[in-house]
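Colleague: Below is one structure. I have some questions about it.
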Amino acid sequence: MAKKKENCIFCKIANGEISSNILYEDEDIIAFLDASPTTKGHALVVTKEHFDNVLYVPKDLIGKAFSVAQKIGQAEVSLFDAKGVNILTNAGEAAGQTVMHFHIHVIPRYDPNDGLQIGFTPKMIEKFDLPVLVNEIKKRI
Ligand code: AMP
Ligand code: ZN
């Protein structure tokens, strides 16, 4: 039986305690439509077991979850003739996570101005010693 967290809305959806528009379900994963969709077809892929965010999900489950997200993305792009899809996950409040149970967003895109704004504006003014930075990161992977 997957571990749940008290008062977690996605644990409740995974349990069937709260209803959702389910697109896919197996023993480990559930996917359903987002209640406040950014675009038509905006879906969430969730592990049934509670993990706070992507950083804590075991390797086999992360693979399963992204595989389901890919399938939903493929299905929706062809069904809705979408022009693209964003498949993303937010980890931590600073990254925009509001529900602290791991989930992947699948957001079909119809137009660059259809609601989702992702900007990669370079804002880093601090200069890093890049070889040192690369080495530090590599050592921890
Ligand atoms: P995030 O900001 O990445 O944590 O995304 C959380 C998402 O969960 C938002 O897009 C919400 O609209 C969605 N959400 C919150 N509660 C529900 C719910 N009961 N059913 C479906 N989606 C939900
Ligand atoms: Zn949970």
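Colleague: Can you tell me which condition ASN21 does not meet? The list is (1) within 13 Å of ligand 2 (Cβ to nearest atom); (2) of a type outside the set (A, V, I, L, M, F, W, C); (3) touching a strand residue (DSSP E or B) at 6+ places or on another chain (Cβ under 7 Å); (4) without any contact (Cβ under 8 Å) to a residue 24 or more places away in the chain, and all the others hold.
Modeller: (1)
Colleague: In segment 13-36, what residues are near ligand 1 (Cβ under 9 Å from one of its atoms), under 17 Å from MET100 (Cα atoms) and buried (at least 17 other Cβ atoms within 10 Å of the Cβ)?
Modeller: Result: ILE13, PHE32, ASP34.
Colleague: I want to confirm something. Restricting to segment 93-141 and keeping residues that are among the aliphatic types (A, V, I, L, M) and assigned to a loop (DSSP other than H, G, I, E, B), which single residue is modelled with the lowest pLDDT? Spell out how you get there, then give the answer.
Modeller: We begin by selecting, within segment 93-141, every residue among the aliphatic types (A, V, I, L, M); these are 94-95, 99-100, 104, 106-107, 116, 118, 124-125, 130, 132-134, 137, 141.
Subset that is assigned to a loop (DSSP other than H, G, I, E, B): 99-100, 116, 118, 124-125, 141.
Working: VAL99: 98, MET100: 98, LEU116: 91, ILE118: 86, MET124: 71, ILE125: 68, ILE141: 96.
Filtering segment 93-141 for residues that are among the aliphatic types (A, V, I, L, M) and assigned to a loop (DSSP other than H, G, I, E, B), the one modelled with the lowest pLDDT comes out as ILE125.
Colleague: Out of segment 94-104, which residues are more than 9 Å from ligand 1 (Cβ to nearest atom) and surrounded by fewer than 17 Cβ atoms within 10 Å (Cβ to Cβ)?
Modeller: ALA94
Colleague: Need pairs with beta-carbon distance below 9 Å; first residue closer than 23 Å to VAL85 by Cα and within segment 116-141, second charged (D, E, K, R); sequence gap 6+ or separate chains.
Modeller: Listed by first residue and then by second, the contacts come to LEU116/ARG109.
Colleague: Condition test on SER78, is it surrounded by fewer than 12 Cβ atoms within 10 Å (Cβ to Cβ) and not in a loop (DSSP other than H, G, I, E, B)?
Modeller: Judged against the criteria, SER78 is a match.
Colleague: If you go through segment 81-93, how many residues are within 24 Å of LYS5 (Cβ to Cβ), surrounded by 14 or more Cβ atoms within 10 Å (Cβ to Cβ) and not hydroxyl-bearing (Ser, Thr, Tyr)?
Modeller: Residues that pass the stated criteria total 3.
The values are calculated or read from the model by the stated rules, or taken from the named source; none is laboratory data. Please read these numbers as outputs of a predicted model, since none were measured by experiment. Here the Cβ is made from the backbone with ideal geometry for all residues, glycine too, and neighbour counts use every protein chain on show.
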